[in-house]
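Structure first, then comments.
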Amino acid sequence: MNGMKNRVQLIGNVGNDPEIKTLENGSKLAHLNIATTERYKNDKGEKVEQTEWHRVTAWGKTAEIIEKYVEKGKEVGIEGKLIHRSYDDKNGEKRYITEVVVSEILLLSK
């Protein structure tokens, strides 16, 4: 059961072209957003569509794969862990971020 702690799996569409950075040591870092959409009928029988946006970060070889093959609109499956962090913006206000750090990616679009 330890392998199931803090594990996230998502299938969705990439909402923007990935932002790729090369670090001083030559390693890659990728940031992108993935949209997941749920469609259902509410208690009145009306069709409802609800989209959630997920901030995604990948490092190393996974970031290199994203750089080479992933672009806006592509469908991907990801697995990773959920992290929460905070920082102070340029105005000194505390900002909070929740993101998925990817351990595996599956390219679903052709």
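Readers should treat all values here as calculations from the given coordinates under stated rules, not as data from a laboratory. The shown structure was predicted, so the numbers you read here are calculated from the model rather than taken from an experiment. Note that we place each Cβ from the backbone using ideal geometry, even for glycine, and neighbour counts take in every protein chain shown.
For region 1-37, the residues whose backbone nitrogen is under 18 Å from a point 7 Å from the Cα of E79, taken along Cα to Cβ, are 1-12.
Helix 60-69 against the longest principal axis of the chain: what's the angle in degrees, Cα atoms only, rounded to the nearest 10? Between helix and principal axis, roughly 60 degrees. Starting from the coordinates of the alpha-carbon atoms of the chain, obtain the Kirkwood hydrodynamic radius over all distinct pairs and give the value in Å to one decimal. Hydrodynamic radius (Kirkwood, Cα pairs) of the chain is 15.5 Å. Within the same chain, lysines fewer than 8 places from K68 are excluded, and of the rest, those with a Cα less than 16 Å from its Cα are K21, K28, K110. The calculated FRET efficiency for the pair K61 and E93, based on their C-beta separation and a Förster distance of 30 Å, comes to about 0.25. Which residues' amide hydrogens lie under 5 Å from the amide hydrogen of K74, considering only partners 5 or more residues apart or on another chain, with H built in the peptide plane? Excluding prolines and chain starts, which carry no amide H, the hits are V14.
Each Lys or Arg adds one and each Asp or Glu subtracts one; over the other residues with Cβ under 13 Å from the Cβ of E71, this totals 0. Overall, the chain carries a charge dipole of about 180 debye about its Cα centre when +1 sits on the Cβ of Lys and Arg and -1 on the Cβ of Asp and Glu, all other atoms neutral.
In this rough spin-label picture, where each label sits 7 Å from Cα along the Cβ direction, the V48-K110 distance is 3.5 nm.
If you keep only loop residues by DSSP, which trypsin sites (Lys or Arg not before Pro) in region 1-74 have at most 15 other Cβ atoms within 10 Å of their Cβ? When the trypsin sites (Lys or Arg not before Pro) of region 1-74 are filtered for loop state and at most 15 Cβ neighbours within 10 Å, K5, R7, K44, K72 remain.
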